[in-house]
Structure formats: C-alpha cells, structure tokens
Amino acid sequence: MEFPKRPNFKELEERINDLWAREKIYKFQPNSKKPVYSIDTPPPTISGKLHIGHAFSYSQAEFIARYKRMRGYNVFYPFGYDNNGLPTERLTEEMHNVKAKDMPRSEFVKLCLETSRKVEQEYERVFKRMGVSCDWSEVYRTIEPRVQRISQASFLKLYKKGRVYRKLAPTIWCPKCETAIAQVELKDKELKSTFNYILFELEDGNKIEIATTRPELLASCCAIFVHPEDKRYKHLVGKKAKVPLFDFYVPIIADRRADPNKGTGIVMFCTFGDLTDVDWFYAYNFEPKISIARDGTMNELAGKYKGLSVKEAREAIINDLKERGLLVKQVPIKHTVNVHERCDTEIEFLLTKQWFIKYLDLKKEFIKAGRKIKWWPEHMRVRYENWVNGLQWDWCISRQRYFGVPFPVWYCKKCGKEILADYEQLPVDPLRDKPNKKCECGSTEFEPEKDVMDTWATSALTPLINAGWDKGIKHKRFKMLYPMSLRPNAHDIITFWDFNTIVMGLFHTGKPPFKNIMISGHGLDRHGRKMSKSRGNVVLPLDMMEKYSADALRWWAASVKLGEDLNFREEDLQAGIRHATKLWNTARFASMHIKEKPKKPRKLNIVDKWLLAELSQVIEKCTQAFEHYEYSKAKMYAEQFFWNVFCDYYLEMIKYRLYSSKEKDSALWTLYTALLTQLKLFAPFIPFVTEELYQLLFRKYEKDKSIHISAWPKAEKSWQDEKALKLGRIAMECIAALRKWKKLKNISLAEEVERVTLLHPSPKSVEGIKNEIEKTMRVKQLIVEKGSEVVAK
C-alpha cells in the first residue's frame, strides 16, 4: 500500500472502525486462558444528546481498557444503556410534546421504548466514532426483560432477608416530577430568601415572635420549640400559642435541637419543612398536618389558599399577615436548600407510603467495604466515606412514575397482605400479570403495585447484570467476571452509583463488587462551568470529531490528571492534530527506508544504543504510570520522548547512516523498533492513527492483525546502557549548541562547515560521541575545548 503524504483523519477513522468490527478485535473471549480484566462500564442515561463531558470521562476509562488489553489481559468491556426511569420519561415527553399523566400508561411506555431505541443508536454512533473499544456484542439495557428479571429477583431476595420494607413515612418529594426521591438525588443550592418575623398569640394575650422562611406552612404547624437552656423563653414551656391566620393552638416544648441563635430562637415545627421537622415528628409522635399536595400546590388544610403553588401561597400569606399587623419585619437572607438534582426543584417532605431498603444499620460495613477497594485517585474515597457517615435515611426505592422496572408485588384486596411474585414468573408486570397463588386469606382478588423502582436500584446491579448473576454465583461466567476489575465513573456519581452498587454487592454476594474504582473529573466549558442545555454551552463531541478527529478529542481528554476537571477550549484540539500529523510524517519518513523487516545487527552504533536506553526508561515510566491509572503521566512521558528526543535529535543523527551503507543496518533496526514501540505507547490515546500507521508500515512484518492486540512494550534489560545514555545526552547538548551557532551565523543546518570550536566542561567526555556529532551537524572538524558551559564559537 502506498504511504499517503498526509492523513485524512475522517476517512481513516471510518475505515479503521470497520476493520476492528470485521476482525472482532475487542470481543471478549470466554474460553481464553488469559487473565480476565473486567470493566463495569457506566451505562449512559438516555436523557438527551451526549456532550463533551461524556467524551472526556469515557475516554479516560478507555485508555485503561486498551492498555490492559495490550498487557495480555482478556478484557471484558461491555456497554449498557440506562434507559428506565425519570430521565427517559422527561426526554420522551419533550421530544414528542406529550405528558405521561395524560396518556394510557401502556402507550406512554411504548413511546419511551421507541425514544430510547432511537437515542441509543445515536449514542452508539458517537461512542464508536470515539474509538471506545467495548465488545458491542455485550450490550444491556436497564429496561430489557433480562435486566428486569435480575432487578426484581434482587428485590425479592432483599425482601426475604428483611432488608426491604414498605412504610407510610415522611418522604423526600419532588413536586415537579411528582415522585418520591432518595437522599442521594438531592443537591444543595444557594437561594435568596426572607426571614419573616411573625407574631403568635399566647393564651394570656401576650405575643411571641417566630422567624420563618416558610410561612406557607402555618397550616401544618404542630408545635413550637425553644431550647431548654434559653433563659428568654423558659417561662413559655408548657404553654400554648395560637397559629396566626389559622387560629388553632399548639404546645410550646423545650428541645435541644432548637437553635437559640437562629432567628428569634423560637422555632415553628411543621410537617414538614426540613429534616429537623422529620426528627421531631418521630421523637414526639405528632399527628401530621400535611398542607402541600403531591403536585406542589396547597390542599384543603390550607383553607382559602388551596390550589395555590407553594410560592403563591407564601406571598398571599405574607400579605394577609401584613394586613392584620402580624408581620413584624422581614430580613433578606441567603440560605442553602435541597433541590432535586434532575430538575433543580426545591423538594418537600410529604407523608407517603413508599418502599425502602434498610441499610442505616450497616454504615460501618459500607466503610470497610470501601476500604477494600483501591480508589484512583485515592483521595476520592473520602467523598464516599463522608457520604456514608452523613446518611440519615434508608434508601427509598419506589417512584410514582410510569416507565421503569415494576415492583413484583400485589396487595390482597380483602386483607391488604403483600403478595410477592415467584422467581419463575420474573420478569413480571403486576398491572398486566397475576400472582401464581391465592392469598393466605383465600382471596384471589389483588390490587397491583403501580409504583416503579428507582432507576438506581437497577443500575446499582450492573456488575451482577454483566457477570450473569441470574445464572448463579457458581456459574463459570460469574466466577470469571465478579468482582469486576474496574469501575470507572465521574466524581459526581460516587454517592449515586458507586455507593449503591457496593450496597447491592454486599447484600447479594457478601463482598465488594469491584477491585478498583477510577474516578474522572468533568469536562467543563471554557469558563469552567458545567455544560447544560439551559446555559447554551453544550459542545457536541460528534461536531468536534467531524471538524478535527476522534484522536484529537481523546488527546485532549488525556491532558489532565485523573479526577481533575478540565475546561474545554476548541483550540486545544489542535494539539492532538499536530501530534498525530507529526507521528504520520515520522512514519512516512521511516517508510522510505524500511523496505523489509530489519534484522538486529550484532553490533549497534552508540547513538542507537543511546536511543534504546532512553526508550527503555520511557517504557518503564509509562508502564508504571498506567499501572497506577496515571494515564496523563504516561502520555506526557511518551510525548516528550517522541518530540524532544526521537524527532529533534535521533532522526537527525541517523540520517547520514540511512543514506549510506555504513552502519545502516543498526540505524534501520533501531528506527523500526523505536517507531513501533512508540506507536504502541501512543495506541491507548490515539487508537486510529496508530492503527493506520501499524497497518501501513508494520502489519506485513508483525504477527498481530491489530496494534491493539499486540504486546505492550517491554523495557529490555539489554537496552539499559548507562554509558550510552550519558554519551547520547552529551551529544544532545553539543548538537543544541552547534544549532544555535549556525543560526547566529546564518548558516543552513544542511551546509557543511570546515571547523568549529566547542566549549564543554568536560572535553574528554565528548570524545566517545564526537564523530556522531560531526556527522549530524556536518562539521568536518570539531575542536572541543574546556569551558564553563556548552557553547560553540
């Protein structure tokens, strides 16, 4: 094949992708005797278009997959799609301009599946174009029947272990999405608000001031609390106060959770304003007063404010308090509130019946399990432990939505007993299917559970899904793949995905589900902001790959340490193009001289020995970096060697030998060996151009049909030569000085000169490499004299 003058990145990437697919380069080999390296690939949520942040994070995991494959591992690298639950519902509603609650549920589910399939195809196109080396025959979806069966089996097993329960309890609720959510789905958001100082009347006619940011909850007031050591209010304990506008009395109670320094020091307890209210609710066993409906509007308990939104009711109540002279003052504040991470809506606490996984009693076990896993970078484990230590709620796994994995549960219409599906029935949809047996009371009439499972309750099972847990933990596949070698994901889902997966792994297998966790940062916009459609700052990876190349995008993703965020600047992709083009031109130069596979000569030239000694060190450093998941260091070491040693010096130093017969064999063999080695070092980062160059120049001489299944370079002991290393580095210093001298004299580097004097701190040390310096710099006679620094004159 003729070596093209310049690369056509788009054309070669399409052709190389076809080669990989045709030859099944990345297919997992279950019968191979190679050690297995299994990767628990994060399934992207079907929620819209992939942005540059996805390319950033997935590329970094991909570097490790390619490295491990070249290290001789049988890499299990599946792919999945998280296509059940709220994000896919919202995307479907948006794309088709529909509302789930306005459609028959079966029709909406069908529409969600159609939407998901369409988006999945687009995702696959992007990931393949990026060069993600997954085994695309190992693809799962969190809504597919097999996965539903596994998720429902997980529920049944946890139920039988006493780890699942259903309870009417205060629940974290998103009014916009109209569903219960888990603690992990909360995020903090700083908002402007107002402390409203309101007058409550005591039974004796005196008044007290209470400061609150939530006057709309006056109808839900159950009690008033003061701190037992607050001398200002000790005389109030045991008395009652009338709630303004609603005119009912509530008791005044002493409790240490009342903060004397917040507001007036008197606290209005409502069901429910925050987590402290929930604690008081359980501590005092109050009868709840719920004035907010599931859709975020006020209900009958709110009286004339019924039907208003929370914010509308707040405004109306403040106006009414003002009119009655019950509002003393208002103080603007900024405070942090909990919002739903999916939609940024302020959450409420409502009393609803939900399914929970009990795990608050196992915090110590979760900490121990986290410490059995190697975290890369290690400090990310602190985030995990902080989350575990801060847990206050059992895991709410039920969602009042339409598209998700159904609970395998019915309720007896006669006695209300929970009826579970049999394992043989799974997957089951209670809305369509019936139990296999009668209720213990003899009834055959059942009410189906309409809620669906939290999507994280299924995605937390991905190691079990991929390892074939449904076939049994003694099955060959399960023992081969579980625990997974690696879990890669971004730092924002340590609390979502990593924690919940560790929980499920411990519950179902008794051990952590993976051996290593690799935590990436985020790809941000050029100003350091998270990309989002609402901000209008989303950069699409497909657009960048069309304009530049997939390799250029990957090269950018490798330019920052693991765990660190990186701002995206389009001009940074030029670095990847420059590097790939330089590599191409270097290989093209080599192709002009390599006409057959060179044989290693008996004796190597000192320059070749030096180059191999340098290369040996680079291989060792790159290997060590990859073993510690420090891909950016591996990239840096290989890049610096290629540009600053191999191209800038070595290639120039061997040109005279390549064009003559004397010692040509030594130069050719070293050129072939060093270039192939460097292609392998770069292969995890820029897989397309390295594959193309391997196919053009080396495939006919090497046994491997792809560079990506060839052996990772070894730092050969015979290459380690301290004397050659020292001489080569002296030569680099001297050549640099001579280049500077020629430039100052306006002499072309290719022009031969009769005589040059070179000053050097150790003239004797130059003697062993002097001839190579002369030949490289086209100096007939190089005179080396003693000097304090290396300089030519």
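The values are calculated or read from the model by the stated rules, or taken from the named source; none is laboratory data. It should be emphasised that the depicted structure is a prediction, and the values quoted were computed from it without experimental measurement. Please note: Cβ atoms are built from the backbone with ideal geometry, for glycine as well, and neighbour counts cover all protein chains shown. Accessible surface is based on the protein model in full, side chains and every heavy atom, while ligands, DNA and RNA are left aside. Shrake-Rupley method; radii C 1.70, N 1.55, O 1.52, S 1.80 Å.
Key figures
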| read-out | value |
| --- | --- |
| Within segment 56-102, considering residues that are under 21 Å from residue 37 (Cα atoms) and over 22 Å from the mean Cα position of the chain (by Cα), the one most open to solvent (accessible area, probe 1.4 Å) | 71 |
| Pairs with Cβ under 7 Å, 6+ apart, first in segment 332-346 and touching a residue at least 40 places away in the same chain (Cβ under 8 Å), second aromatic (Phe, Trp, Tyr) | 333/195 |
| Residue 662 being surrounded by fewer than 17 Cβ atoms within 10 Å (Cβ to Cβ) and of a type in the set (D, E, K, R) | yes |
| Subset of segment 347-375 [more than 30 Å from residue 91 (Cα to Cα), touching a residue at least 60 places away in the same chain (Cβ under 8 Å) and of a type outside the set (D, E, K, R)] | 359, 362, 366, 369, 370, 373, 375 |
| Tabulated pairs, segment 19-47, first over 30 Å from residue 404 (Cα atoms) and small (Gly, Ala, Ser), second in a loop (DSSP other than H, G, I, E, B) and open to solvent by 10 Å² or more (accessible area, probe 1.4 Å), C-beta under 9 angstrom, 6+ apart or interchain | 21/136 |
| Candidates 133, 151 - the one that is surrounded by 14 or more Cβ atoms within 10 Å (Cβ to Cβ), touching a residue at least 24 places away in the same chain (Cβ under 8 Å) and either assigned to a loop (DSSP other than H, G, I, E, B) or among the aromatic types (Phe, Trp, Tyr) (or both) | 133 |
| Breaking point among (1) at pLDDT below 90; (2) of a type in the set (A, V, I, L, M, F, W, C); (3) outside any strand (DSSP E or B), for residue 219 | (1) |
| Yes/no for residue 230 being surrounded by 16 or more Cβ atoms within 10 Å (Cβ to Cβ), closer than 22 Å to residue 278 by Cα and without any contact (Cβ under 8 Å) to a residue 40 or more places away in the chain | no |
| Of all residues making up segment 514-529, the number that are in contact (Cβ under 8 Å) with a residue 24 or more places away in the chain and either open to solvent by 30 Å² or more (accessible area, probe 1.4 Å) or more than 17 Å from the chain's Cα centre (by Cα) (or both) | 5 |
| Odd one out for residue 473, checked against (1) open to solvent by 20 Å² or more (accessible area, probe 1.4 Å); (2) touching a strand residue (DSSP E or B) at 6+ places or on another chain (Cβ under 6 Å); (3) not basic (Lys, Arg) | (2) |
| Condition met for residue 328 (at pLDDT below 95 and either out of contact with any helix residue (DSSP H, G or I) (no Cβ under 8 Å at 6 or more places or on another chain) or of a type outside the set (Ser, Thr, Tyr) (or both)) | no |
| Total residues in segment 12-32, condition touching a strand residue (DSSP E or B) at 6+ places or on another chain (Cβ under 9 Å) and either open to solvent by 20 Å² or more (accessible area, probe 1.4 Å) or not hydrophobic (A, V, I, L, M, F, W, C) (or both) | 4 |
| Residue tally, condition under 27 Å from residue 566 (Cα atoms), aliphatic (A, V, I, L, M) and in contact with a strand residue (DSSP E or B) (Cβ under 6 Å, 6 or more places away or on another chain), over segment 476-527 | 5 |
| Qualifying residue in segment 698-707 (condition: within 29 Å of the chain's Cα centre (by Cα) and open to solvent by 50 Å² or more (accessible area, probe 1.4 Å)) | no |
| Qualifying position, being part of a helix (DSSP H, G or I), β-branched (Val, Ile, Thr) and surrounded by 14 or more Cβ atoms within 10 Å (Cβ to Cβ), among 776, 757 | 776 |
| Checking residue 697 against (1) of a type outside the set (Val, Ile, Thr); (2) touching a residue at least 24 places away in the same chain (Cβ under 8 Å); (3) farther than 30 Å from residue 71 by Cβ, the condition it does not meet | (3) |
| All positions within segment 673-715 that are over 25 Å from residue 625 (Cα atoms) and either touching a His at 6+ places or on another chain (Cβ under 9 Å) or of a type outside the set (D, E, K, R) (or both) | 695, 696, 697, 698, 701 |
| Residues of segment 737-754 classified as closer than 15 Å to residue 789 by Cα and open to solvent by less than 50 Å² (accessible area, probe 1.4 Å), total | 3 |
| The lone exception for residue 448 - which of (1) at pLDDT 95 or above; (2) of a type outside the set (Val, Ile, Thr); (3) in contact with a helix residue (DSSP H, G or I) (Cβ under 8 Å, 6 or more places away or on another chain) it fails | (3) |
| Failed criterion for residue 6 (all others in (1) part of a loop (DSSP other than H, G, I, E, B); (2) in contact with a strand residue (DSSP E or B) (Cβ under 8 Å, 6 or more places away or on another chain); (3) farther than 25 Å from residue 486 by Cβ hold) | (2) |
| Filter pass, residue 538 being open to solvent by 50 Å² or more (accessible area, probe 1.4 Å), among the β-branched types (Val, Ile, Thr) and farther than 30 Å from residue 73 by Cβ | yes |
| Answer residue from segment 408-465, given it is hydroxyl-bearing (Ser, Thr, Tyr) and under 35 Å from the mean Cα position of the chain (by Cα) and is most open to solvent (accessible area, probe 1.4 Å) among those | 423 |
| Residue selected from segment 254-298 under the condition among the hydroxyl-bearing types (Ser, Thr, Tyr) and more than 28 Å from residue 177 (Cβ to Cβ), by the criterion modelled with the lowest pLDDT | 284 |
| Filter pass, residue 187 being closer than 30 Å to residue 393 by Cβ, of a type outside the set (A, V, I, L, M, F, W, C) and without any contact (Cβ under 8 Å) to a residue 24 or more places away in the chain | no |
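So that you can scan it fast, the table gives a plain yes or no per residue for (1) crowded, with 21+ Cβ neighbours inside 10 Å; (2) assigned to a loop (DSSP other than H, G, I, E, B); (3) in contact with a Lys or Arg (Cβ under 7 Å, 6 or more places away or on another chain):
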| site | (1), (2), (3) |
| --- | --- |
| 679 | yes, no, no |
| 690 | yes, no, no |
| 715 | no, yes, no |
| 718 | no, no, no |
